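Single-structure report; data block below.
The values are calculated or read from the model by the stated rules, or taken from the named source; none is laboratory data. Small disclaimer: the values here were computed from a predicted structure and weren't measured. Here the Cβ positions follow ideal geometry from the backbone for every residue, glycine too, while neighbour counts run over all protein chains shown.
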Amino acid sequence: MGAKATIEIIHSDANEAHRVIDLAISEIERLENIFSLYRAESSVSRLNRDGRLIAPPLELVDLLTRASAVSAMSGGAFDVTVQPLWARYRDHFSADPGATALPTVDDILPLVDWRAVRSDGEAITFDRLGMAITPNGIAQGYVTDCVADILRRNHIDAVALNLGEVLTMGHRSDGRDWQVGISDPEEPARIAGRIACSNRAVATSGGYGTLFDHAQHYSHLLDPRTGRTAPIERGVSVVADSACLADAWSTAFALMDSASIRESAHGLENVEVYVATPNSGLKRLV
């Protein structure tokens with residue numbers, strides 16, 4: 001789904017490790033055919049094109065159910081129907097990368113509403129013509145969890161997955177916890193800090209990741225409620241028991257101020273939140 005991916009397994013039998021990695025790659029390929037926006041015949045691409053998907057894959061129904069729960073709990077800060085808004089920004093800055101004015105979005109904001117997606121297992125439909133979804137704020141985490149399940153079923157208990165989001169099991173070969181490096185928003189190739197992680201998942205969202213304009217003022221993280229972009233000078237990392245949960249909430253928290261993050265995170269079980277900024281490095285917020 002557009003992210004670099006690595007799988008690191010610690011195993012006494014190299015042949016068995018490669019066999020299991022092949023299983024994991026096959027699972028990633030299968031799920032990309034459901035969730036990818038880059039494949040014209042994926043389930044998500046067909047849903048966006050037609051506004052309706054008959055007999056949807058169970059994984060897509062499950063993903064949308066989980067997404068709806070986060071949307072409700074975050075007050076709409078997380079919303080998979082933000083795709084028309086993203087497309088408006090993309091088209092605006094593709095036509096003029098040096099533009100300093102934001103695109104007009106008032107006309108398409110009514111298309112951004114997670115409550116207007118209907119899913120009953122037999123079909124997924126949009127209530128409004130022109131709606132579209134992007135699973136990119138949650139699907140990488142979902143896929144990561146699915147791959148982790150395959151590894152567990154094949155008796156792999158020491159692994160670090162980075163499929164856009166990070167999930168670790170067990171410990172490193174030296175017995176220590178895995179360490180997840182978090183990018184400095186000012187210079188993403190530089191590490192702002194590290195989070196010790198064992199049998200947990202870490203997801204990070206930051207406006208610095210992809211920028212629309214040449215001046216690098218406007219990020220790919222868009223607020224579904226206002227149509228505005230997230231600040232580019234901050235990254236938010238969430239540690240949770242599942243990569244899917246961490247992925248979705250890091251996206252939502254990237255669009256909130258610190259007080260709102262604390263308030264929303266209060267209702268989440270076993271979740272940690274870290275914020276990275278250029279001036280203060282990586283700090284735990286929750």
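The figures follow:
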{"quantity": "Scope region 232-286; condition basic (Lys, Arg) and touching a Leu at 6+ places or on another chain (Cβ under 9 Å); matching residues", "calculated": "262"}
{"quantity": "Unique residue being surrounded by 21 or more Cβ atoms within 10 Å (Cβ to Cβ) and either aliphatic (A, V, I, L, M) or under 17 Å from the mean Cα position of the chain (by Cα) (or both) when the list is 58, 63, 37", "calculated": "63"}
{"quantity": "All positions within region 233-263 that are in contact with an Asp or Glu (Cβ under 6 Å, 6 or more places away or on another chain) and farther than 11 Å from residue 166 by Cα", "calculated": "255"}
{"quantity": "Among the residues listed as 183, 173, the single one being at pLDDT below 95, surrounded by fewer than 21 Cβ atoms within 10 Å (Cβ to Cβ) and either of a type outside the set (S, T, N, Q) or assigned to a strand (DSSP E or B) (or both)", "calculated": "183"}
{"quantity": "Failed criterion for residue 150 (all others in (1) assigned to a helix (DSSP H, G or I); (2) surrounded by 22 or more Cβ atoms within 10 Å (Cβ to Cβ); (3) among the aliphatic types (A, V, I, L, M) hold)", "calculated": "(2)"}
{"quantity": "Test result for residue 91, out of contact with any Asp or Glu (no Cβ under 6 Å at 6 or more places or on another chain), loosely packed, with under 14 Cβ neighbours inside 10 Å and farther than 23 Å from residue 44 by Cα", "calculated": "no"}
{"quantity": "Pairs, first outside any helix (DSSP H, G or I) and surrounded by 15 or more Cβ atoms within 10 Å (Cβ to Cβ) in region 104-117, second among the β-branched types (Val, Ile, Thr) and modelled with pLDDT of 95 or more, C-beta under 8 Å, six or more apart", "calculated": "112/81; 112/82; 113/81; 117/80; 117/81; 117/124; 117/125; 117/133"}
{"quantity": "Residue in region 267-286 that is modelled with the lowest pLDDT, counting only those that are over 19 Å from residue 200 (Cα atoms) and not aliphatic (A, V, I, L, M)", "calculated": "279"}
{"quantity": "Enumerated helices (runs of 4 or more DSSP H) restricted to region 19-103, each holding at least 3 residues that are closer than 20 Å to residue 119 by Cβ and not small (Gly, Ala, Ser)", "calculated": "43-50, 58-73"}
